[in-house]
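For reference, the structure discussed in these notes is given below.
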Amino acid sequence: MEKVRKQLLKQVKRVVIKVGSGVLTSAGGLNMTVIDGLTTEICALKKEGLEILLVSSGAIASGLKKIGMSKRPQSVSQQQAMAAVGQSSLIMAYEDAFERHGHKVAQILLTRDDLTHRRRYLNARNTLFTLLSWNIIPIINENDTVVVDEIKFGDNDNLSAMVTNLTESQLLINLTDIDGLFDKDPRNHDDAKLIEVVEKADRKIMRYANSIPGFLGTGGMASKIKAASKVTLRGVPAIIANGLKPGILKLIFSGEEEGTLFLPAEATLCSRKHWIAFTKSPRGEIVIDRGAERAILKKGKSLLPSGMIEVRGRFSLGNSVLLLNEAGERIAVGMVNYHSGDIKKIIGAKSSEIESRLGFKHDDEVIHRDNLVLADQMETGDDQCPL
Ligand code: GLU
């Protein structure tokens, strides 16, 4: 396995490093020793020619200390205010630490909405590429202060997976406060074993992960595994490792068996389908009949108006929606060619009737096959749409 690791690491030119709140903060607020250590390591990797993007949590955790609260507030507005207080200290700490090595940083605060619209997605990407070309280290966090549920990444694990895809990075390193994925929570089980390599995040792996909650941040192990699987579906490896271990990045890049390595998936999803499946948040639901379900699942067909039974929610042309079968199971997610008001008017119609019902027609399909990702493909890739 050491050989496989070294081989994978050799191909890495650009890497996303995510650091969790549990690594960056201690009871006394931001842990400057850890921040200095990571900064020194990142600067050494840059010297070797790697491009690095940092996804850093810790805004809320560092705000807590600054305000003098002992635990994370419950109310959303207080958490958002707390993030605003803490984010400035967080970025200042990084700025100081990197400055000492002669490096500059840039703060990027994103919401999921910024990556949901193709134009904004490309904009964010161009900005990040420009920063990298100027040799500046982007430090990315969720824009916690303004974000509401519908436009949330949810946690920084997910955000780091989206950023890896957005920037076509060749590795995601997720630094947390334990050594990687264990078969039990190592904080309460002495016999817990580290899983060194994951070929596929199957049920057994998810069961392990679900037994290991996070404390300070929002994620826990389950969200780290989900994030790792999302990047492996793009053919990219991911490593979950202990950010509190001194010299961890150097150890990883010298091919040491540190943490848990997630191997790139064999079947992958192309960038567009990956974006539809994971970055865009579904804005509604369409229930389809058995015939349409069969045509989509077994015959590789698009969704036509005739197969629809019900349309739920309000959404616009270009939004993504979930497809449910008659039993209410999610079978796919796809990007629609009409807005919800129009789709409601053509439920059950033949494609030849679209124009007479709406007074216009964009396409025969409500969702074209190229814009449809099956639930199965979200786990195992799509051989019709490889990298
Ligand atoms: N964005 C949050 C913060 O900076 C952290 C979210 C997370 O840990 O996943 O505090």
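Relative to one another, the C-alpha centroids of region 4-75 and region 96-136 are positioned 16 Å apart. Once you treat every alpha carbon in region 290-337 as an equal point and sum by Debye, what is log10 I(q)/I(0) at q = 0.23, 0.27 Å⁻¹? Result of the Debye calculation: -0.90, -1.22. Think of each Lys and Arg Cβ as +1 and each Asp and Glu Cβ as -1; about the Cα centre, that makes the dipole of region 1-131 roughly 540 debye.
Take every Cα pair under 8 Å whose residues are at least 6 apart in sequence, average their separation, divide by the length of the chain, and the relative contact order is 15 percent. Ranking TYR94, GLN74, LEU8 by Cα position along the charge dipole of region 1-116, where only Lys, Arg, Asp and Glu carry charges on their C-beta atoms, puts LEU8 farthest toward the positive end. Using only alpha carbons, region 179-271 has a radius of gyration to Kirkwood radius ratio (Rg to Rh) of 0.97. For the chain, the residue among PRO246, LEU30, PRO138 whose Cα projects farthest onto the positive side of the dipole built from Cβ charges is PRO138. Go through LYS3/LYS104; LYS193/LYS226; LYS250/LYS273 and tell me which ones have a Cα-Cα distance over 23 Å in this structure. Pairs exceeding 23 Å: LYS3/LYS104; LYS250/LYS273. For the chain, the Cβ-based charge dipole about the Cα centre amounts to some 500 debye (Lys, Arg positive; Asp, Glu negative; other atoms uncharged). Its residues counted as N, region 39-125 yields a C-alpha radius of gyration over 2.2 N^0.38 Å of 1.31. In region 87-173, which GluC sites (Glu not before Pro) fall in coil by DSSP and have 13 or fewer other Cβ atoms within 10 Å? Of the GluC sites (Glu not before Pro), the ones in loops of region 87-173 whose Cβ has at most 13 other Cβ atoms within 10 Å are GLU168. Calculated over the chain, the projected area of the Cα convex hull averaged across directions stands at 19.9 nm². Comparing ALA228, ALA84, ALA238 in a Gaussian network model of the chain, where Cα atoms under 10 Å apart are tied by springs, the biggest mean-square fluctuation is seen for ALA84. Sparse packing (at most 14 other Cβ atoms within 10 Å of the Cβ) combined with a DSSP loop state is found for the following trypsin sites (Lys or Arg not before Pro) in region 1-109: LYS13, LYS71, ARG100, LYS104. The dipole here belongs to region 309-387: it is taken about the Cα centre, uses +1 on the Cβ of Lys and Arg and -1 on the Cβ of Asp and Glu, and is about 500 debye.
For region 64-195, the gyration tensor built on C-alpha atoms gives a rounded shape. Its axis ratio a/c (a ≥ b ≥ c) stays under 1.5.
Think of the chain as a dipole: +1 on every Lys or Arg Cβ, -1 on every Asp or Glu Cβ, centred on the Cα centre; then among GLY180, HIS368, ALA295, HIS368 lies furthest on the positive end.
Every number in this text was worked out from the coordinates using simple rules, so none of it is lab data. Given the structure is predicted, the values throughout are model-derived calculations rather than measurements. Every residue, glycine among them, receives a Cβ derived from its backbone with ideal geometry; neighbour counts consider all protein chains shown.
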